[in-house]
Amino acid sequence: MSRTGSSAYYWVADATPPLRNSKTTMFMLSTPPTTTFFVTPTPRVPFLSSSKPSSVSLLRSSTASYSPCCSSSSSITPKVKSNDNNNCYLVSAKHSPANTSASVSSRTFLNAKNEQELLAGIRKEVEAGSLPANVAAGMEEVYNNYKNAVIQSGDPKAKEIVLSNMIALLDRVFLDVTDPFVFQPHHKAKREPFDYYVFGQNYIRPLVDLKNSYVGNMPLFIEMEEKLKQGHNIILMSNHQTEADPAIIALLLETRIPYIAESMTYVAGDRVITDPLSKPFSIGRNLICVYSKKHMLDDPALIEMKRNANIRALKEMAMLLRSGSQIVWIAPSGGRDRPDPHTGEWAPAPFDTSSVDNMRRLVEHSGPPGHVYPLAILCHDIMPPPLKVEKEIGEKRIISFHGAGISVAPALSFSETTATCENPEKVS
């Protein structure tokens, strides 16, 4: 057992089932591995309409905005929703959330019929001055790495999947470059007129080897769902491995407990809501947007703005928890796990004790009953972070096809943990 911050994590090396090509398999367990739930593949879901045409053809046929995934209508009716743009999280952004979803792209990417046309479209927009060269380079890099990873899966429809998913991604990135989306301190997943959640799930699904993936202690996840139905709040104190953690967590849970998979709120750092290649995925998640302590001092001129933004985010979190029936994921480490530079072994990054204590106080004073569960996630092989923390936006993205796993331990009891302490409030 290792201890990170004020939360105890149980890591079992080389436990069954192993993940293919993984140097280290880590489980967080409180009960024997017999409670492990093996993940079964789930079908790809159209993110535009339930009608028969493919998602790509539907994208091409739309001239303004898009029909929601859950729509029962066979036609695509352009519609725009208004949204209040007061108290925006990113003060430098110019456009409101409503404008982003209603923008009309040049159709450069949606009209692409093959890889050559898709890549040529990137170069075309750079030459036209509508796409920054650094973003274009990132788009090409992601395309090639994503293609190689999906082909690695052995899926006979790999090329078709790659083209469909990358058309959607590049179009969303380009739309955001031309009309930036503004995240509020509390962002609610945009499910219409374009379903960003389903888009993100479709993108990550071909990268996860579901036959070699697992969910540990499924009964505890079911216990959480029951508590949510009773109006309780659930906090998941988790390690953090990749930009794709939210999509992977949702993918591993969506078969058995789709409500948790879709309704979870993630405490997200500013990197994933400012990087053009990350933003489309973040738009599809429920988020509390904060600035990570690891990047708080990157620009001295922005320190005060970042601190004020984090105070607003805490207030939004408190309001959210007061409503009850909320499940919130937070990585108190403030960043992703990284391998030991000497041994190459992966271990959870140390938790920031003040972040843990802030969440504990929010839960205790929110009103509805609250429960804090330790969560472990293992998925770094799919999209490993840079070896070192980088200040600049636009990291190199390595992508692989690999198994993944999550596991949860029983809820932590602050009162029981500090029962022998003279002053529980000073325990770290």
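The values are calculated or read from the model by the stated rules, or taken from the named source; none is laboratory data. Remember, it's a predicted structure, so these values are computed and weren't measured experimentally. Backbone-built Cβ (ideal geometry, glycine too); neighbour counts: all protein chains shown. These area figures cover heavy atoms from the full protein model, side chains too; ligands, DNA and RNA do not enter into them. Shrake-Rupley method; radii C 1.70, N 1.55, O 1.52, S 1.80 Å.
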Exercise for review: Would you mind finding the one in 245, 275 that is among the acidic types (Asp, Glu), open to solvent by less than 30 Å² (accessible area, probe 1.4 Å), outside the structural domain of residue 132 (by the TED database) and within 21 Å of residue 406 (Cα to Cα)?
Suggested key: 245
Review point. Only one residue in 344, 284 is open to solvent by less than 70 Å² (accessible area, probe 1.4 Å), on the phi > 0 side of the Ramachandran plot and not hydroxyl-bearing (Ser, Thr, Tyr), so which one is that?
Key: 344
Review point. Within region 254-269, can you find the residues that are without any contact (Cβ under 8 Å) to a residue 60 or more places away in the chain and assigned to a helix (DSSP H, G or I)?
Key: 258, 259, 261
Check your understanding: Which of the residues belonging to region 229-242 are under 22 Å from residue 206 (Cα atoms) and open to solvent by 10 Å² or more (accessible area, probe 1.4 Å)?
Key -> 240
Check your understanding: Among the helices (runs of 4 or more DSSP H) confined wholly to region 98-212, which include 1 or more residues that are modelled with pLDDT of 95 or more, outside the structural domain of residue 271 (by the TED database) and touching a Phe, Trp or Tyr at 6+ places or on another chain (Cβ under 6 Å)?
Key -> 115-127, 133-152, 158-178
Exercise for review: Mind telling me which of the residues 315, 306 ends up being assigned by the TED database to the domain that holds residue 236 and open to solvent by 40 Å² or more (accessible area, probe 1.4 Å)?
Suggested key: 315
